[in-house]
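Worksheet: one structure, shown below.
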Amino acid sequence: MARSSQSIQPGQPQAYESDQTTHYSVLDKAGNAVAVTYTLNTNFGSGIVASGTGILLNNEMDDFSAKPGVANAYGLVGGDANAVAPKKRPLSSMTPTLVLKDGQPTVVTGSPGGARIITTVLQTVLNTIDFEMNPAEAAATPRVHHQWTPDELRIEKGLSPDTIALLKQRGHTVVLKPAMGRTQTIQRRGGMLYGASDPRNLDGMTLGY
């Protein structure tokens, strides 16, 4: 039966698919720990699907310096040491991390975020170990990042105005940018396991069983 055209409306678009790397952390009661970071590197990776699989191939070649001295997709400038050549592995910012104490894993963490992964993970580890924060506190703390070029100190919302003023006094070019990283962190403390998904990642999940 024919329907009125006015009753036919556009369908709902597909949900937003993150263009970032993905990370997950696992820690069980026996002390087995896994930190996994995997990436396509840029939207839809290389744009090539392995025939018959539906699996997209990554674009890790962008992690080489295709042209030394020229920035890649993330604004990183590489040199001759990272030039494309046979039997070489490109640079990578992926930092899946296990922190051990007395031979046992005490923190399992990692994050997506391109060039900002290393600073995101480092700040998470510093927050949990040096500042004794739990994983949720460590994840919620504002982050800062500098990657040599561009010559600017990238910060998130939430940093104290006094701290920003002090950084500027020291000569930093402070630039407010979107949120950095999406950590997935587990901490063993006092025989208990504490986990937290980064509040920057609305799709993240923390599960215990």
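The values are calculated or read from the model by the stated rules, or taken from the named source; none is laboratory data. Being a predicted model, the structure only gives us computed values, none of them experimental. Neighbour counts are summed over all protein chains in view; Cβ atoms, including those assigned to glycine, are modelled from backbone coordinates with ideal geometry. All accessible areas refer to the heavy atoms of the entire protein, side chains included, with ligands and DNA or RNA removed. Shrake-Rupley method; radii C 1.70, N 1.55, O 1.52, S 1.80 Å.
Short version: ³J(HN,Hα) in whole Hz for each residue of the stretch 153-160, in order, from phi by Karplus 6.51 cos²θ - 1.76 cosθ + 1.60 (θ = phi - 60°), x for Gly and Pro, what are they?
Each residue of the stretch 153-160 in turn: 9, 7, 10, 9, 4, x, 6, 4 Hz.
5 Å is the cut-off here: which amide hydrogens, built 1.01 Å from N in the peptide plane, fall below it relative to Phe44, excluding neighbours closer than 5 in sequence?
Those qualifying (amide H under 5 Å, at least 5 residues apart or on another chain) number zero.
Which of the lysines could be linked to Lys168 by a straight reach, that is with a Cα gap under 17 Å, when you skip same-chain ones fewer than 8 residues away?
Excluding near neighbours in sequence, the set is Lys157, Lys177.
Quick one: Karplus J couplings for the stretch 183-190, per residue in order, coefficients 6.51, -1.76, 1.60, θ = phi - 60°, nearest Hz, x for Gly and Pro?
6, 10, 10, 10, 10, 9, 9, x
For percent of Cα pairs over 26 Å apart, the listed values are [x] 38; [y] 53; [z] 48; which was obtained by calculation from the structure presented?
Recomputing percent of Cα pairs over 26 Å apart here picks out [z].
Could you derive backbone 3J(HN,Hα) for the stretch 47-52 from the dihedral phi with the Karplus parameters 6.51, -1.76 and 1.60 (θ = phi - 60°), listing whole Hz in sequence and x where the residue is Gly or Pro?
After applying 6.51 cos²θ - 1.76 cosθ + 1.60, I find x, 10, 9, 4, 3, x Hz.
Would you pull out the residues with amide H under 5 Å of Gly113's amide H, same chain only if 5 or more places away, H placed 1.01 Å from N?
Thr21
Quick check on the stretch 113-189: what does the Kirkwood estimate of hydrodynamic radius come out to from the alpha carbon pairs, in Å?
Computed over the stretch 113-189, the radius equals 13.2 Å.
Using amide H atoms built in the peptide plane, which far-off residues or other-chain residues are under 5 Å from Leu153 H to H?
Under 5 Å from the amide H of Leu153: Thr173, Val174, Val175.
Among rounded, prolate and oblate, which fits the stretch 8-107 when a ≥ b ≥ c are the square roots of the eigenvalues of its C-alpha gyration tensor, a/c under 1.5 means rounded, and a/b larger than b/c means prolate?
Oblate shape, in that a/c is at least 1.5 and b/c is the bigger or equal ratio.
What order, most packed first, do the peptides 70-76, 190-196, 121-127 have when packing is the mean number of other Cβ atoms within 10 Å of each residue?
121-127, 70-76, 190-196
So, by mean Cβ neighbours within 10 angstrom, what's the order for 166-178, 25-37 with the highest one leading?
In descending order of packing, they fall as 25-37, 166-178.
Can you tell me which lysines have their Cα less than 21 Å from the Cα of Lys87? Leave out same-chain residues fewer than eight positions away.
List returned: Lys67.
Could you tell me what a quarter of the Cα convex hull surface of the stretch 165-209 works out to, in nm² with one decimal place?
Quarter of the Cα hull surface area: 5.4 nm².
Taking only protein heavy atoms and a 1.4 Å probe, what accessible area per residue, in Å², does the stretch 20-104 have with all protein chains in place?
66
Measure of size requested: the Rg and Dmax of the stretch 45-103, with Cα atoms as the atom set and Å as the unit; please supply both.
15.6, 47
Pick out, from Trp148, Ala136, Gly158, the residue whose Cα sits farthest towards the positive end of the charge dipole of the stretch 104-172, with +1 on the Cβ of Lys and Arg and -1 on the Cβ of Asp and Glu.
Ranked along the dipole, the leading option is Trp148.
Using +1 on the beta carbon of Lys and Arg, -1 on that of Asp and Glu, and nothing else charged, what's the dipole of the stretch 58-191 about the Cα centre, debye to 20?
Computed charge dipole of the stretch 58-191: roughly 140 debye.
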